[in-house]
1. Which residues, counting only those in the range 238-266, are over 17 Å from Asp222 (Cβ atoms) and among the charged types (D, E, K, R)?
2. Of these, Phe270, Phe280, which one is of a type in the set (Phe, Trp, Tyr) and in a loop (DSSP other than H, G, I, E, B)?
3. Only one of Leu315, Leu396, Leu362 is in the same structural domain as Val299 (by TED's automatic domain parsing), in contact (Cβ under 8 Å) with a residue 12 or more places away in the chain and not in a loop (DSSP other than H, G, I, E, B); which?
4. Does Leu20 meet the test of being more than 30 Å from Ile246 (Cβ to Cβ), at pLDDT 90 or above and not assigned by TED's automatic domain parsing to the domain that holds Asn154?
5. Kindly indicate the residue of the range 229-267 that is part of a helix (DSSP H, G or I) and of a type in the set (A, V, I, L, M, F, W, C) and also farthest from Ala111 (Cα to Cα) among those meeting that condition.
6. I'd like to check which helices (runs of 4 or more DSSP H) are fully inside the range 12-71 and have at least 2 residues that are under 30 Å from Met92 (Cα atoms) and in contact with a strand residue (DSSP E or B) (Cβ under 9 Å, 6 or more places away or on another chain).
7. Search the range 212-227 for residues that are within 18 Å of Leu122 (Cα to Cα) and not assigned by TED's automatic domain parsing to the domain that holds Gly238 and pair each with any residue that is among the basic types (Lys, Arg) and buried (at least 19 other Cβ atoms within 10 Å of the Cβ) when their beta-carbon atoms are under 6 Å apart and the residues are at least 6 apart or on different chains.
8. If I ask for residues that are touching a residue at least 12 places away in the same chain (Cβ under 8 Å), closer than 24 Å to Gln414 by Cβ and not basic (Lys, Arg), which ones from the range 318-338 would you list?
Amino acid sequence: ASSSWCLNELQLIMECRDSLRQTVMTIFFEVEPSDVRKQTGEFGRAFKETCYGKTEEEKQRWRRALTQVAVIAGEHSISWASEAEMILKIVMDVSNELPSSDFDRLVGVEAHVEKMKAMICLESDDVKIVGIWGPPGIGKTTIARALYKEVSCNFQLKFYKESLERKYKWWITPSPTDDIDLKTRLEYEIRSGVLDHRGMKILDLLEAKERLKHQRVLLILDDFPDKEVKALGDIIHGLKFGSRVIVTNENLNSLRNNGIDSNQIYKVAFPSSEEAQQIFSYSAFGQSSPPRGYLEHAVEIKKLIAPFPLGLKVLGSALRGKSEEKWTVTPAKLKTYSDDNDIIKAIRYAADGLCEKHETLLKSIVRLRYQRESVNKVILSLAEKDWDVEKGIQTLADLALISISSDGVLTIHQLVENVLHVRAPSMWISHD
């Protein structure tokens, strides 16, 4: 209220809201919305001083903008005991409101998401169970995560869950009680995870089950095998009111065995030749096509691996910033991995180029089960006095050997785990 520049900006914001249909989100910090609307109290006194010497037209424009913005529901600092909690809520609201499909460098993903949105039919109040199918490294998880960000605002409760078998693949020892333990653990994680997202206190699983029945729920089960989907049967079949369950799997029969109709299974196709070139180029050069002098090298190298997005990203990242000489010898190096499939060639090439410290760090991340863990927790756990682990983790992320989500969660692809397991199988032998 004490700045004519800010008042002019507010006026422009409200004009954009009216003419361009843009969203305006309000935060009333240490001021009453009614004082903003009526220009009263301390706010009104500051506004009156700013209006001194201004034309009546200017003052009317400002008053109109203040009146309009004051009636838009938003956050009020007085309603929050903790300023930090209010900020976190605002960040979440903005994240949900923004077109979260920022697909600038996720080549081809936007088209996949649009097809998936048509398949899950958000307008329907029926419960739908949909599958995403394709080979490892094709981009199923990338599509599922992008879809989750794009449509989650349409659901009251939502949860994204990776397979327990995926997380503990190399350490789980089968036992006769596995199925019972798996069912109990998954049910607890899903129900508590979904409801904790809304800050609801879970008293017991029966209460959680009842709450889920009366909410519109989005549940994404990433890379879930048969037994894990079956273990969640009670939850899935109890969902109502337009809920959606999306399961990703590389096994088509696994999806069918869990009752997903063939016409409700989305097959992830390979990227086109042009898209593959863009994926590789973004990773290698930070732009959609190779710079002058590198096109021939890029085309030759890309021909040596199938167009799996993961392989293209890993190989391109491994070559980022390398000399032309390095690009020249890379095809011969890739051909030495003749016994491997194309995507494993790319991962092995990247792993072979790691220094000892980075390779040890990558192996430690896998060996110590840091799958879907907070990257800050990993950094603290692996911290060394004479080496910057945080920079090491960032290097691995830059090489696409691990990924770090926008909320700071570290993941590593199963194919990368497989390569490390073959390179050093003794790391996964339990000594307990």
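1. Across the range 238-266, the qualifying residues are Lys240, Arg256, Asp261.
2. Details: Phe280 fails: in a loop (DSSP other than H, G, I, E, B).
Just a single option satisfies the conditions, and that option is Phe270.
3. Result of the check over Leu315, Leu396, Leu362: Leu315.
4. Considered against the rule, which asks whether it is more than 30 Å from Ile246 (Cβ to Cβ), at pLDDT 90 or above and not assigned by TED's automatic domain parsing to the domain that holds Asn154, Leu20 comes out as no.
5. Kept after step one, since they are part of a helix (DSSP H, G or I), are these residues of the range 229-267: 229-231, 233-238, 252-257, 262-264.
Restricting the remaining residues to those that are of a type in the set (A, V, I, L, M, F, W, C) gives 229, 231, 235-236, 252, 255.
On the way: Val229: 27, Ala231: 32, Ile235: 31, Ile236: 28, Leu252: 22, Leu255: 22 Å.
The extreme case among them is Ala231.
6. Answer list for the range 12-71: 33-38, 56-70.
7. Filtered contacts from the range 212-227: no entries.
8. Across the range 318-338, the qualifying residues are Ala318, Leu319, Leu334, Tyr337.
The values are calculated or read from the model by the stated rules, or taken from the named source; none is laboratory data. Note that this is a predicted model, so its numbers are computed, not measured. Note: ideal-geometry Cβ built from the backbone for every residue, glycine included; neighbour counts use all protein chains shown.
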